[in-house]
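Have a look at the structure below, then the notes.
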2 protein chains.
Amino acid sequence: MRKIEIYDTTLRDGAQSEDISFSVEDKLRILAKLDKFGVHYIEGGWPGANPKDADFFRQAKKLKLNNSKLSAFGATHRASLPVSKDPSIKELLSARTPVVTIVGKTWDFHVREALRVSQQTNLDLISNTISYLKKRVPQVFFDAEHFFDGYKANPEYALKTLKAASSAGADCLVLCDTNGGTMPGEIGETVREIVRILDIPVGIHAHNDSECAVANSLVAVESGASQVQGTINGLGERCGNANLISVIPGLKLKLKKNCVTDNKLRKIKEVSRFVTEISNLRHFKRQPYVGDSAFAHKGGIHVSAVVRHPETYEHIRPERVGNYQRVLVSDLSGRSNIIRKIKDFKLKIDPDSPKVFQIVRELKELENQGFQFEGAEASFELLIKKTFGLHRRFFDLTGFRVIDEKRKEGETPSSEATIMLTVDGKPEHTAATGNGPVNAIDNALRKALEKFYPQLKDVKLLDYKVRVLTAGVGTKAKVRVLIESGDKTHKWGTVGVSENIIEASWQALVDSIEYKLLRG
Amino acid sequence: MRKIEIYDTTLRDGAQSEDISFSVEDKLRILAKLDKFGVHYIEGGWPGANPKDADFFRQAKKLKLNNSKLSAFGATHRASLPVSKDPSIKELLSARTPVVTIVGKTWDFHVREALRVSQQTNLDLISNTISYLKKRVPQVFFDAEHFFDGYKANPEYALKTLKAASSAGADCLVLCDTNGGTMPGEIGETVREIVRILDIPVGIHAHNDSECAVANSLVAVESGASQVQGTINGLGERCGNANLISVIPGLKLKLKKNCVTDNKLRKIKEVSRFVTEISNLRHFKRQPYVGDSAFAHKGGIHVSAVVRHPETYEHIRPERVGNYQRVLVSDLSGRSNIIRKIKDFKLKIDPDSPKVFQIVRELKELENQGFQFEGAEASFELLIKKTFGLHRRFFDLTGFRVIDEKRKEGETPSSEATIMLTVDGKPEHTAATGNGPVNAIDNALRKALEKFYPQLKDVKLLDYKVRVLTAGVGTKAKVRVLIESGDKTHKWGTVGVSENIIEASWQALVDSIEYKLLRG
């Protein structure tokens, strides 16, 4: 079984998506998730072009990755400077990653019109940059920009650029369909030719402008490519990049290529959801493999056939990608997910307990209401603990009130919360201000509780996300609040859903505090 | 140029999407739109299985189609009845369509496990049904269900089913990848074999469970298929069907096949949007060819290249599919981006004005503060108008106050806002409740202004997103609020940034109202 390497560029190409603006903190969380999932390479950004990315690499250096290698992205050096003097190349090296990927021009039209240098100069830029980096970085990949267009327009020159990179020591030549316009037939033909001509690993980097990026990546592997670049959920500029969430199961389950273990593959839905939540986007129900509808069956005969023999209407077993069959009968696969979670949380619970079924039912009900527990595992853990009687109340709310006031244009409003609660019958009544009502409530609640639970002094609210859920017919729109909290050693996510944003925020705040106090 | 026929099944397979429930009226509107667009065949439904579909066909009979032929869908007749007595077949004929499509089993496993008849009986069912219909309907197509799986499992039997349909007079054999699990390489190989063996037109009907449906359809055409079945926007059960909105430009612009005229192709974005609206779904920004992001460009150097030579980063001219180039305002943007925007907004402004540079500076400053204009073009347009003196104030705020109160656990908080403002010196003082403080302020502000500006009654708040921006060292965390508003014909996005969520929301709300009032 030939091994195929997965190169994730969610943090670089994916971050170019129109709606996305990852903070450094977001990027670090995605990095940790992808490392745990076990892609081979994670491209963190372009340190020479983007100061935020440089900051990310400074912080990423402190993390120890267990499965993946971190990669920094850059372009061939400027023609006006020697490679050793180019500040972008310096930034790239200062990221201190074990892998560097260099993009270079391969299409003569781009060399002339975009780079505006001679064909020979471009070859020199590629060669200089790669040989300079190869002396300083263990692995250097060459991203052959616009390769398929370039090879069609001027095959001789396009091939020269690959040979320049290869001779300079590149470890892999990644053929890019930068504009995303190449058809699968042509991808296959070109990759086969390059693999035949050059004795060096070849990769594929596809964009989805023709809605062929996943297929093009799979066809390239069938034609001899051994590295696939893409992004989680197909994020990326314009129509996005090849969606690794579909590429990976395609490679593993359809083309029988070794790329991730069976165990990791079962986490792919979770990875997809995680990135969707961090991106503050909506889940796409029809998303292949991992969408809520991907294995959902309507229609009577169809359903009875699919329940007896899932392969009648399912191309793979959904459990292999962490998904499950959805039909109008209660399913056992939901239960197995819960049991897996219970194990993940290291809770000592009998997996055959009827309470597990109770959790399945409750979970479905909560999801119907708009709760979403990916990104809010602390709330999910609390739900399980409540069902198993492992939870206790830490305080009783008597009531709170928040007042926001703005007295003229140009003035920042003031927010003040008052709260009254009791802990073991002892009342506490206090007040606090904040940058808005939720912050004021959070401050007042913490101020009231810290007297009784001093460990709450370490807890900080790290992120707060609000999403309006589409209203069903005849119902009010609901709001979902996701909160990320942290102390000195941990971070955890909680969720609240209500028609009222204050109530949804309150639920998520209370979950956050209870989670901390239960963990001790 | 070989002609490829397009067979749309949005009204049958597309209607199986989990989130969709078309009324008969919806279906008639889509029928008229698709006929105008000019697909060759429109499958209206399954009159023998669905009473709503039977009703649709009764009404569709009254319409005169100019470009398309209407098709009715059905299955092979029941084994327990002769074809002439089968009520489903009667319903099918009573739809009086010039085309009928019959689905039949081709996978021996399905014949045994789902249909539960002998292999010979299944061949008879296919043969009887098609020859009976062919005497009564001008064109009869055979949908070879699960053909690719069946051909892999038992090629001899699968081929027999095709031959049975062909001998009985079928006009086209449509090879279905019903479970959507077949890879492009296998699709190409199988279609080539069938086209070689059988002297009858072959079609392709692909599902998107492996995210390969569009590519598989294009590969099938490259391999000899002459009919492509699919749905608008890829609607359909599970992960949906082949997306005709991507298949058609792929056929026409990439494979150079004749399927729709150049003029019709320019309407394809409109067709896509129309079906999205009727489906009550959201537009998918990254949708190939027709999405808002499909030809959107970030990044300075990149943008200057794409403005000079669009083919540097665009696989086709967006105008060919009714779309257009968009230059995004982002932290990498320069003056050329702004000038493009000014043109997009149809503002009459001298692009060489020093004010353009002023906007560039202001934009960078605002982006440093955390503003993001990519989902908030209305706020950006206001910024430009303010700089060029094309903006005016519509009201002056005297002040507002919001109170949120929760008096016990389990109770949804109440939110009440009071506002005082003046319009041309006339004071207005009012109050409103809401599902949280922002909703209450929005309601109160609109209530106060509608007296003076009745056109605000049409405006609705469609989406509200909140994001906490990571705090820099020594600064307070900021909050970014994105609001999407809409009236009967337009949607627009606005943004606000502040340390205080109420202030950020206020900015975005005021921008939304000012944008509407300036547009008149």
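The values are calculated or read from the model by the stated rules, or taken from the named source; none is laboratory data. Just so it is clear, the structure is predicted and the values come from calculations on it, not from any experiment. Methodologically, a virtual Cβ is constructed for each residue, glycine included, from the backbone with ideal geometry; neighbour enumeration extends over all protein chains shown. Quick note on the areas: whole protein, heavy atoms, side chains included, nothing else; ligands and nucleic acids left out. Shrake-Rupley method; radii C 1.70, N 1.55, O 1.52, S 1.80 Å.
Data overview
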read-out	value
Total residues in region A:280-310, condition small (Gly, Ala, Ser), open to solvent by 10 Å² or more (accessible area, probe 1.4 Å) and modelled with pLDDT of 80 or more	1
Residue check, A:Glu211 at pLDDT below 95 and either open to solvent by less than 10 Å² (accessible area, probe 1.4 Å) or more than 18 Å from A:Leu173 (Cβ to Cβ) (or both)	no
Tally, over region B:127-137, of residues that are open to solvent by 10 Å² or more (accessible area, probe 1.4 Å) and over 13 Å from B:Val99 (Cβ atoms)	5
Which listed residue is within 8 Å of chain B (Cβ to nearest Cβ), within 16 Å of A:Val191 (Cα to Cα) and crowded, with 24+ Cβ neighbours inside 10 Å, from A:Val219, A:Val228	A:Val219
Conditions (1) open to solvent by 10 Å² or more (accessible area, probe 1.4 Å); (2) closer than 22 Å to B:Lys516 by Cα; (3) within 36 Å of the chain's Cα centre (by Cα); number of the one not met by B:Phe388	(3)
Scan of region B:138-166 for residues that are open to solvent by 10 Å² or more (accessible area, probe 1.4 Å) and closer than 22 Å to B:Ser71 by Cβ, ordered by number	B:Pro138, B:Gln139, B:Glu145, B:Ala164, B:Ser166
Test set (1) assigned by TED's automatic domain parsing to the domain that holds A:Arg480; (2) modelled with pLDDT of 90 or more - A:Ser379 fails condition number	(1)
Number of positions in region A:195-216 that are more than 24 Å from A:Lys163 (Cβ to Cβ) and touching a strand residue (DSSP E or B) at 6+ places or on another chain (Cβ under 7 Å)	5
Condition broken by B:Ala508, with the remaining ones in (1) part of a helix (DSSP H, G or I); (2) open to solvent by 10 Å² or more (accessible area, probe 1.4 Å) satisfied	(2)
Single unsatisfied condition, A:Lys285 versus (1) free of Cβ contacts under 8 Å to residues at least 60 places away in the same chain; (2) on the phi > 0 side of the Ramachandran plot	(2)
Residue in region B:116-126 that is buried (at least 22 other Cβ atoms within 10 Å of the Cβ), under 33 Å from the mean Cα position of the chain (by Cα), touching a residue at least 24 places away in the same chain (Cβ under 8 Å) and not in a strand (DSSP E or B) present	no
Region B:112-143: number of residues that are hydrophobic (A, V, I, L, M, F, W, C), at pLDDT 95 or above and touching a helix residue (DSSP H, G or I) at 6+ places or on another chain (Cβ under 6 Å)	5
Residues within region B:420-434 that are part of a strand (DSSP E or B) and either surrounded by 24 or more Cβ atoms within 10 Å (Cβ to Cβ) or more than 10 Å from chain A (Cβ to nearest Cβ) (or both), tallied	10
Filter pass, A:Leu518 being open to solvent by 10 Å² or more (accessible area, probe 1.4 Å), under 28 Å from A:Phe373 (Cα atoms) and more than 10 Å from every other protein chain (Cβ to nearest Cβ)	yes
Test: A:Leu251 is touching a residue at least 24 places away in the same chain (Cβ under 8 Å), open to solvent by less than 10 Å² (accessible area, probe 1.4 Å), within 25 Å of A:Gln16 (Cβ to Cβ) and more than 8 Å from chain B (Cβ to nearest Cβ)	yes
Some residue of region B:333-344 being open to solvent by 10 Å² or more (accessible area, probe 1.4 Å) and in contact with a Ser or Thr (Cβ under 8 Å, 6 or more places away or on another chain)	yes
Total residues in region B:75-121, condition among the polar types (S, T, N, Q), closer than 21 Å to A:Arg308 by Cα and touching a strand residue (DSSP E or B) at 6+ places or on another chain (Cβ under 7 Å)	1
